[in-house]
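S.K.: Got a structure for you, questions after.
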Amino acid sequence: MIIAIDGPAASGKGTLGHRLAAHYGLRHLDTGLIYRAVAKAVLDAGRPLDDRAFAVAAARTLDPARFDDKVLKGHALGDAASLVSAMPEVRTALLALQRDFAAAPPGAVLDGRDIGTVICPGADVKIFLTATPEARARRRAGELARRGEHPDQAAILADIRKRDERDKNRATAPLLPAADAHLLDTTDLDIDAAFRAAVDIVEAVRAGRKRG
């Protein structure tokens, strides 16, 4: 089984994806970390973020097994990853990696911004998370504070709004729900409630296919 979870920044995709994967015995890939890793490689090399050739070369040599989640999830890499992910050449370079991960047994949960529309259009279940920018900014600030950082919630909100516009309006793989995606608004839900709602969606899809 392949479960695709899409949504804007800080909508809870990664946490939900991890819990669904554990619940159903599937592997989990936070595809946002892939783009953050590319951005980090560009920055670590002292290259500008618009260096397409270097970004593509970095994308082709990524090893997800060596990712440092704590470093990659830092606020500083979020905007950089958004810039890198807007490059069509980078997205193309990472396409096979993501599809190969999804296709390997026993299946997987992938979360990102174009999983249901581009990476896994044939996914068994597609969920598109939404939440207000304000709710997402509060969550991201809380997440960073728990890691010992000192977040500026107003700056995070401004960054989220900027990234939303960039993600929705980019020419390649813009952020939008697949036609057959199930919308899940998590604005007023904590992670436990969001998880229960997501499981209900997965089970309803599976039950419908059994009846069919």
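S.K.: Which residue out of Ala76, Ala102 is more than 18 Å from Pro174 (Cα to Cα) and at pLDDT 95 or above?
M.R.: None of the others qualify; the one that does is Ala102.
S.K.: If a residue must be within 18 Å of the chain's Cα centre (by Cα), surrounded by fewer than 14 Cβ atoms within 10 Å (Cβ to Cβ) and modelled with pLDDT of 90 or more, how many such residues does region 53-67 contain?
M.R.: Residues meeting the conditions: 0.
S.K.: Next question, about the same structure. Being modelled with pLDDT of 95 or more and under 24 Å from Ile156 (Cα atoms) is the filter; apply it to region 8-30 and report the residue that is most open to solvent (accessible area, probe 1.4 Å).
M.R.: The selected residue is His18.
S.K.: For region 38-52, give me the residue count where each residue is open to solvent by 10 Å² or more (accessible area, probe 1.4 Å), touching a residue at least 24 places away in the same chain (Cβ under 8 Å) and not charged (D, E, K, R).
M.R.: Of the residues in that region, 2 qualify.
S.K.: Would you mention how many residues in region 68-83 are farther than 15 Å from Asp30 by Cβ and open to solvent by 10 Å² or more (accessible area, probe 1.4 Å)?
M.R.: Result for region 68-83: 4.
S.K.: Taking into account only those residues within region 184-197 that are of a type in the set (A, V, I, L, M) and touching a Leu at 6+ places or on another chain (Cβ under 8 Å), which is most open to solvent (accessible area, probe 1.4 Å)?
M.R.: Ile191
S.K.: Please return the ranges of helices (runs of 4 or more DSSP H) entirely within region 13-92 where 1 or more residues are closer than 23 Å to Cys120 by Cβ and touching a Phe, Trp or Tyr at 6+ places or on another chain (Cβ under 9 Å).
M.R.: It comes to 13-24, 31-44, 52-60, 75-85.
S.K.: Can you name the number of the only condition in (1) touching a helix residue (DSSP H, G or I) at 6+ places or on another chain (Cβ under 7 Å); (2) over 16 Å from Lys13 (Cβ atoms) that Arg163 fails?
M.R.: The one condition Arg163 does not meet is (2).
S.K.: Listed residues Ala86, Ala178; which is surrounded by 14 or more Cβ atoms within 10 Å (Cβ to Cβ) and modelled with pLDDT of 95 or more?
M.R.: After applying the criteria, what remains is Ala178.
S.K.: Given (1) at pLDDT below 95; (2) touching a helix residue (DSSP H, G or I) at 6+ places or on another chain (Cβ under 9 Å); (3) surrounded by fewer than 19 Cβ atoms within 10 Å (Cβ to Cβ), identify the lone condition not met by Leu33.
M.R.: Single failed check for Leu33: (3).
Quick grid of which residues meet (1) touching a residue at least 60 places away in the same chain (Cβ under 8 Å); (2) more than 24 Å from Ser85 (Cβ to Cβ); (3) part of a helix (DSSP H, G or I):
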| site | (1), (2), (3) |
| --- | --- |
| Ala155 | no, no, yes |
| Ala158 | no, no, yes |
| Lys162 | yes, no, yes |
| Leu176 | no, no, no |
| Ala179 | no, no, no |
| Leu189 | no, yes, no |
| Asp192 | no, yes, yes |
| Phe195 | yes, yes, yes |
| Val205 | yes, yes, yes |
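S.K.: If you check Asp200 against the conditions, is it modelled with pLDDT of 95 or more, closer than 18 Å to Arg136 by Cβ, charged (D, E, K, R) and open to solvent by 20 Å² or more (accessible area, probe 1.4 Å)?
M.R.: So Asp200 fails the test.
The values are calculated or read from the model by the stated rules, or taken from the named source; none is laboratory data. Here the structure is a predicted model, which is why all the values come from computation and not from measurement. Note that each Cβ is placed from the backbone with ideal geometry, even for glycine, and that neighbours are counted across all protein chains shown. For the accessible areas, the whole protein counts, side chains as well, though only heavy atoms, and no ligand, DNA or RNA atoms are used. Shrake-Rupley method; radii C 1.70, N 1.55, O 1.52, S 1.80 Å.
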